[in-house]
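See structure below.
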Amino acid sequence: MSPASSSAPEPAAPRAAIFGCAGTTLAAEERAFFRDADPIGFILFQRNCESPDQLRRLVADLRDTVGRGEAPVLIDQEGGRVARLKPPHWRAYPAAERIAALGAAAPEGARLVSRLIAGDLAALGITVDCLPVLDLRIPGADAVIGDRSYGAAPQEVALLGREAAEGLLEGGVLPVVKHIPGHGRGTVDSHLSLPVVDTGRHELELTDFAPFRALRDMPWAMTAHIVYSALDAERPATLSAAVIAQAIRGAVGFDGVLLSDDLSMQALGGSMGERATAAMAAGCDLVLHCNGRMDEMVAVASATGPVTAVAQRRLADGEAMRRRAAVPLDRPALEARFAALFGPS
């Protein structure tokens, strides 16, 4: 028998899905499902976060189900009203709007907040944070973005978003820029219904797309469940090959890991399986399902194949960036500066 024929087969790539779980510990059914489905990673919500020791155990248990000690574990820890880790165990951080209000000190504030958040996450084993929000604050838009935005000026949003992303990377946590190519003009909440933006492509490229173009070197991005009629009058960005090819990969130039926003949001139609199939066909690298409902996760898993070779390369590039950028944390010095900028906790 030749050496080639006796070699073991290559292990199958993980499934191109990120899943949530229902509670603070894993049920036997969840353990079995994650073991069989083999998702690339997991996402945490407030329902999963009770205490530091409990959360460290849960993160380890999630990774144990797939047998990969470095499987990505995500969270939305922005500060302000979008925070899964809350007092008394974790600090309440300021929203983007409050950071921007620091004026000349805003870049320092953005990096400082993210660096402290990264310290909190790294201590729990969490390696990916869905931050920064690069959506513009547009007058008359729905409040779902609101104070989560750094402002209305693309250059300012890009500057503060860059500092926030670099702060996470310094802490060994991967940033996820969102919601690409721009959620700021949505007049309805995509958690509840489908926003439609009729702004022309040229104006979008000068405004909404600009912060994402400035941060196109970031490792991960999350899509917007929004119809941009100038690019695709029928399908939201998450499900639109035209938007992903022409705007996200094209005009913006993003070449990192493209993650769908949550498939269970009401902006999307069709079954969970149909949504997952459409997102992958459109060009998403990974699909995200957050609510922990077993029937929905089974449907998503059934419709989602393994991570592609291109997506594996993008994931590996991001992991290399995370390791390369990490520096030791001087927490006392950063805490003192935080108090000087934002006041006592």
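General remarks:
- Any hit, segment 251-268, residues being farther than 23 Å from Leu168 by Cβ, under 20 Å from the mean Cα position of the chain (by Cα), surrounded by fewer than 20 Cβ atoms within 10 Å (Cβ to Cβ) and among the polar types (S, T, N, Q): yes
- Test: residue in segment 160-182 that is within 27 Å of Leu268 (Cβ to Cβ), surrounded by fewer than 24 Cβ atoms within 10 Å (Cβ to Cβ) and either of a type in the set (Lys, Arg) or at pLDDT 95 or above (or both): no
- Residue satisfying all of: in segment 307-345; of a type in the set (D, E, K, R) and within 21 Å of the chain's Cα centre (by Cα); nearest to Leu168 (Cα to Cα) among these: Arg322
- You will find that of Arg111, Arg81, the residue that is among the basic types (Lys, Arg) and crowded, with 17+ Cβ neighbours inside 10 Å is Arg111 and no other.
- Flag for Ile43 being buried (at least 16 other Cβ atoms within 10 Å of the Cβ), within 23 Å of Glu163 (Cβ to Cβ) and of a type in the set (Val, Ile, Thr): no
- Being more than 24 Å from Thr187 (Cα to Cα), in contact with a strand residue (DSSP E or B) (Cβ under 8 Å, 6 or more places away or on another chain) and of a type in the set (Ser, Thr, Tyr) is a condition met by at least one residue of segment 307-314.
- Residue check for Arg235: among the basic types (Lys, Arg) and under 18 Å from the mean Cα position of the chain (by Cα): no
- Any chance Ala17 is hydrophobic (A, V, I, L, M, F, W, C), surrounded by fewer than 21 Cβ atoms within 10 Å (Cβ to Cβ) and either in a loop (DSSP other than H, G, I, E, B) or touching a residue at least 12 places away in the same chain (Cβ under 8 Å) (or both): no
- In segment 294-309, residue surrounded by the most Cβ atoms within 10 Å (Cβ to Cβ) [restricted to those that are touching a residue at least 40 places away in the same chain (Cβ under 8 Å) and more than 16 Å from Ala12 (Cα to Cα)]: Val300
- Those residues of segment 144-171 which are in contact with a strand residue (DSSP E or B) (Cβ under 9 Å, 6 or more places away or on another chain) and basic (Lys, Arg), in sequence order: Arg148
The values are calculated or read from the model by the stated rules, or taken from the named source; none is laboratory data. Since this is a predicted model, take the numbers as computed values, not measurements. Cβ: placed from backbone, ideal geometry, glycine included. Neighbour counts: every protein chain shown.
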